[in-house]
Amino acid sequence: MKRESRIKNILKWLNHYLVFFLLVAFVITCCIMLFVSTLSNDLGITLTNENINAAAKLTFLNASLITLIFTVIDAVRRKLTVERPIKRITQAAEKIMQGDFSVRIKPQSKFGADDSFNEVIECFNKLAEELGSVETLRTDFITNVSHEMKTPLAVMQNYGTLLQAADLSDEKRIEYAKGVTDGSRRMAEMMTNILKLNRLENQQIYPKISEFDLGEQLCECLLQFENIWEKANIEIDTNIAEDIKVKADEELLSLVWNNLFSNAFKFTEAGGTVSVTLTATEHHAIVKVKDTGCGMTNDTGAHIFEKFYQGDTSHSSSGNGLGLALVKRVIDIMHGEIGVQSTVGVGTTFTVRIRRG
Ligand code: ADP
């Protein structure tokens with residue numbers, strides 16, 4: 001193998017030498033012929049065969065030497081500015097193929113370097129970074145899903161064992177059976193959310209744009225929580241501007257409101273208030289969902305849009321940390337913005353801004 005590549009290198013070298021030689025010989029011959037014919041015409045000298053033979057030999061030697069110098073300079077240039085960066089890129093690509101996404105290539109020094117290689121290197125480094133983060137997301141996702149599945153499964157197993165007891169009262173039997181149903185409902189909800197998120201992330205859901213009244217949609221979504229707010233004695237305060245039409249995907253947007261409302265009710269104690277406000281400018285609609293609930297720390301606020309993140313563990317029996325990740329994804333697809341302001345013990349306000357057209 002080594003011998004083969006050495007022969008290949010020699011042949012390549014000879015090929016370069018030959019090309020340079022032909023070029024140099026052609027240029028020198030043309031120049032000399034022009035020079036000598038002009039000189040001999042002007043001075044009236046007649047050149048003999050002997051003169052021409054001696055000059056031709058000298059010129060041949062001269063051309064060979066100049067060609068050698070050119071070939072060496074070109075070989076060194078190629079080695080430094082072409083072969084070396086290509087070798088570094090190939091080695092890094094091989095590492096990526098073996099699953100090492102931490103690899104990065106140092107850009108070429110500016111001096112004498114071909115800038116196109118630096119462009120390729122920059123693209124390559126970005127690609128490695130993206131692949132690395134996708135890989136981390138994938139492994140994190142699998143770890144999180146397995147972890148989240150374990151809790152309801154363990155609960156269901158527990159209740160299943162309890163249900164096997166022979167002398168169970170009707171009351172206990174119903175309680176344990178309810179435990180199994182709740183556990184399976186939680187798992188089903190989580191699977192639905194994972195599938196939705198997965199479809200949204202892979203862009204399999206393309207927004208179905210239609211024009212609708214945003215205020216009406218907000219009221220409809222809010223009314224679905226009527227039972228909850230009545231039971232928890234939570235006050236509702238709405239300030240919804242009329243006749244605000246938006247062109248957006250109605251179903252996707254209702255997913256946003258449902259998640260924000262469900263969190264507002266979940267994290268607000270009895271006697272608290274949930275307010276919904278809709279305002280609009282010529283091009284944007286702004287929705288604020290405010291609650292007087294437990295609020296969250298800055299640290300929690302920084303992570304709430306991450307998949308499976310749950311800040312308040314006292315409420316972790318409901319939800320699975322996917323709601324706000326879904327919300328964020330939908331808002332991103334619609335090129336909108338979402339922000340949160342929260343103070344522990346005072347409450348939380350989510351502000352969503354979407355384009356109207
Ligand atoms: P889940 O509600 O299922 O836990 P989400 O993705 O909807 O998951 O929310 C992630 C986290 O954000 C919650 O666990 C909670 O800590 C925090 N959070 C969301 N909305 C509120 C809110 N209105 N008040 C306080 N904390 C909130």
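The values are calculated or read from the model by the stated rules, or taken from the named source; none is laboratory data. Computed from a predicted model, the values in this text were never measured in an experiment. All Cβ positions, even for glycine, are placed from backbone atoms using ideal geometry, and neighbour counts span all protein chains on display. In case anyone asks, the SASA skips ligands and DNA or RNA and just uses the protein heavy atoms, side chains included. Shrake-Rupley method; radii C 1.70, N 1.55, O 1.52, S 1.80 Å.
Listing for the model above:
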{"quantity": "Space enclosed by the convex hull of the alpha-carbon atoms of region 3-154, per residue, Å³", "calculated": "146"}
{"quantity": "Cβ-placed point charges (K, R +1; D, E -1), dipole of region 218-267 about Cα centre in debye, nearest 20", "calculated": "200"}
{"quantity": "Residues of region 98-150: accessible area per residue with a 1.4 Å probe, Å²", "calculated": "74"}
{"quantity": "Test item: Cα-centred dipole of region 160-273, Lys/Arg +1 and Asp/Glu -1 on Cβ, debye", "calculated": "640"}
{"quantity": "Candidate lysines - alpha carbon under 16 Å from Lys245, same-chain residues fewer than 8 apart omitted", "calculated": "Lys208"}
{"quantity": "Column: log10 I(q)/I(0), Debye, Cα scatterers of the chain, q = 0.06, 0.08, 0.09 Å⁻¹", "calculated": "-0.49, -0.65, -0.74"}
{"quantity": "Highest-MSF residue in the chain out of Val346, Val19, Val246 [GNM, Cα springs under 10 Å]", "calculated": "Val19"}
{"quantity": "Peptides ranked, highest mean first, by Cβ atoms within 10 Å: ranges 180-191, 92-103", "calculated": "180-191, 92-103"}
{"quantity": "Protein accessible area in region 140-288, 1.4 Å probe - carbon and sulfur %", "calculated": "51"}
{"quantity": "Sum of side-chain charges, Val134 neighbourhood, beta-carbon under 12 Å (Lys, Arg +1; Asp, Glu -1)", "calculated": "-4"}
{"quantity": "Region 256-280-region 1-57 distance, computed between alpha-carbon centres (Å)", "calculated": "88"}
{"quantity": "Length-normalised contact order of region 83-226 in % [C-alpha pairs under 8 Å, at least 6 apart]", "calculated": "15"}
{"quantity": "Candidate lysines - alpha carbon under 25 Å from Lys2, same-chain residues fewer than 8 apart omitted", "calculated": "Lys12, Lys79, Lys87, Lys95"}
{"quantity": "Cβ crowding within 10 Å averaged over residues, with 5-18, 261-274 ranked highest first", "calculated": "261-274, 5-18"}
{"quantity": "1.4 Å probe accessible area per residue over region 1-65, in Å²", "calculated": "89"}
{"quantity": "All lysines inside 27 Å of Lys150 as judged from Cα atoms, apart from same-chain residues fewer than 8 positions distant", "calculated": "Lys172, Lys178, Lys196, Lys266, Lys307, Lys328"}
